Amino acid sequence: MRQQMKEILVGTRGKGLVEITDEVLRWIRSTGIREGLLTLHIRHTSASLVIQENADPDVRADLERFMSRLVPDGDPIYDHTAEGPDDMSSHVRSALTATTLSIPVRDAAPALGTWQGIYVYEHRRAAQSRRVAAHLIGE
Amino acid sequence: MRQQMKEILVGTRGKGLVEITDEVLRWIRSTGIREGLLTLHIRHTSASLVIQENADPDVRADLERFMSRLVPDGDPIYDHTAEGPDDMSSHVRSALTATTLSIPVRDAAPALGTWQGIYVYEHRRAAQSRRVAAHLIGE
Amino acid sequence: MRQQMKEILVGTRGKGLVEITDEVLRWIRSTGIREGLLTLHIRHTSASLVIQENADPDVRADLERFMSRLVPDGDPIYDHTAEGPDDMSSHVRSALTATTLSIPVRDAAPALGTWQGIYVYEHRRAAQSRRVAAHLIGE
């Protein structure tokens, strides 16, 4: 049994999902570990990790539309507005989605379903550079 | 240290929770691993994994009632309606709940609290056959 | 490769976040494991685990204000009211946030971002004693 770690850098383009499935897959293959457990942790509190449908881009647009209505920017109940109207709403979205994901690895690939992709979900309006800590244990 | 993997098949009966605690427990016992880490990953984007109260069935009914109000089927903001009014709402519910869970294992059982059960949460209206990838590492 | 387990006891003071980052860090250091994977699992269905901003306390107050509006106590749609108006709302909040977290460990510390802290999120009105099962694997 052995382990590998990597930090994956992801450029985002404002609110919405950026797929990282291929980058994760390439990294797993580079480690030589074929069976094991993959863990991803996004090192920010205004962006998330989600596993979502990877076929129809409308799914990502609809998810963002739903979240923008549920957790609107500039909500007057917030006191924490230091970085603007999308600051606190990003922290709330982060709490309602996922910061960490753990996925079994089989045959050197995450055991994703046919329609599943791994995404960084950006909650800020501006483009950001995000860091995802990745850990793989197995053999 | 060693690891085991299994795919658990779960039949659902429309929107609501299906408990899988016993099946997970039986599998852990069959592996001979007594101390370690269990990871579950549901291989779908219209069903989730949740840990919820296992005593009063009203809890599961109330949770479903809340989610049906928060994320109604047929919401006019959605463009992705290929599979019907419960298609996109299922993806949103999936993003708001959990796709993966990791639970420490002690004495050959998940370290659940007294009132905790592990559930597949079905978000589609029709019965489905769901696959959960399970990984166990330990000794 | 080796593993360690611990149960962390956390006293809460009614609805809101209680930071446990330092206690987790001290435990990791005490194990001698420097590189690996940390998993936390809260053994309750009316409290959660969240990773949130650790700088401005307004963030935690704003998050609680948002959740109190989204999932109000005493919602008339609930049948499960055995333990009072904050009973079922706590279970719903638990489903919408996280019960388990997995974080890579580097240099004997969780690979948290600069502004990230690990919190127990209490959803009940009264103070509670909460148990978090912690698992660490690595070397």
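So that you can scan it fast, the table gives a plain yes or no per residue for (1) open to solvent by less than 10 Å² (accessible area, probe 1.4 Å); (2) within 13 Å of the chain's Cα centre (by Cα):
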position	(1), (2)
B:Ala98	no, yes
B:Pro110	no, no
B:Trp115	no, no
B:Tyr119	yes, yes
B:His123	yes, yes
B:Ala126	no, no
B:Ser129	no, yes
B:Ala133	yes, yes
B:Leu136	yes, no
Q: Residue by residue through region C:1-49, note down the ones that are open to solvent by 30 Å² or more (accessible area, probe 1.4 Å) and polar (S, T, N, Q).
A: C:Gln4, C:Ser30
Q. Got a number for residues in region B:80-96 being of a type in the set (Val, Ile, Thr) and open to solvent by 20 Å² or more (accessible area, probe 1.4 Å)?
A. 1
Q: Give the residues of region C:50-63 that are out of contact with any strand residue (DSSP E or B) (no Cβ under 6 Å at 6 or more places or on another chain) and open to solvent by less than 10 Å² (accessible area, probe 1.4 Å), sorted by residue number.
A: C:Asp62, C:Leu63
Q. Given (1) at pLDDT 95 or above; (2) of a type in the set (A, V, I, L, M, F, W, C); (3) over 17 Å from A:Thr39 (Cα atoms), where does A:Val105 come up short, assuming only one miss?
A. (3)
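Within region A:104-131, which residues are in contact with a His (Cβ under 7 Å, 6 or more places away or on another chain) and either more than 20 Å from C:Met1 (Cα to Cα) or of a type in the set (Lys, Arg) (or both)? If you could, list the steps in order and put the result at the bottom.
Residues of region A:104-131 in contact with a His (Cβ under 7 Å, 6 or more places away or on another chain): A:104, A:111, A:113, A:130.
Passing the criteria: A:Ala111, A:Gly113, A:Arg130.
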Q) Would region A:63-79 turn up any residue that is within 10 Å of chain C (Cβ to nearest Cβ) and under 13 Å from A:Lys15 (Cα atoms)? A) yes
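Going by the structure shown, is A:Arg43 under 14 Å from the mean Cα position of the chain (by Cα) and without any contact (Cβ under 8 Å) to a residue 60 or more places away in the chain? Even if it seems obvious, please write down each step before you answer.
Numbers: under 14 Å from the mean Cα position of the chain (by Cα): yes; without any contact (Cβ under 8 Å) to a residue 60 or more places away in the chain: no.
No; evaluated as a whole, the condition is false for this residue.
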Q. Could you count how many residues in region A:28-49 are under 20 Å from A:Tyr121 (Cβ atoms) and in contact with a strand residue (DSSP E or B) (Cβ under 7 Å, 6 or more places away or on another chain)?
A. 11
Q: Give the residues of region C:64-79 that are open to solvent by less than 30 Å² (accessible area, probe 1.4 Å) and touching a Gly at 6+ places or on another chain (Cβ under 9 Å), sorted by residue number.
A: C:Glu64
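Take the conditions outside any helix (DSSP H, G or I), of a type in the set (Val, Ile, Thr) and over 30 Å from C:Val59 (Cα atoms) and apply them to A:Thr114. Does it pass?
On the way: outside any helix (DSSP H, G or I): yes; of a type in the set (Val, Ile, Thr): yes; over 30 Å from C:Val59 (Cα atoms): yes.
For A:Thr114, the condition - outside any helix (DSSP H, G or I), of a type in the set (Val, Ile, Thr) and over 30 Å from C:Val59 (Cα atoms) - is met.
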Q) If you go through region C:16-46, how many residues are within 21 Å of C:Ser68 (Cα to Cα) and in contact with a His (Cβ under 6 Å, 6 or more places away or on another chain)? A) 2
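The values are calculated or read from the model by the stated rules, or taken from the named source; none is laboratory data. The structure presented is a predicted model; accordingly, all values stated were derived computationally and were not measured. Using ideal geometry, Cβ is built from the backbone for each residue, glycine included, and neighbour counts are taken over all protein chains shown. Keep in mind that these areas ignore ligands, DNA and RNA; they rest on the heavy atoms of the full protein, side chains included. Shrake-Rupley method; radii C 1.70, N 1.55, O 1.52, S 1.80 Å.
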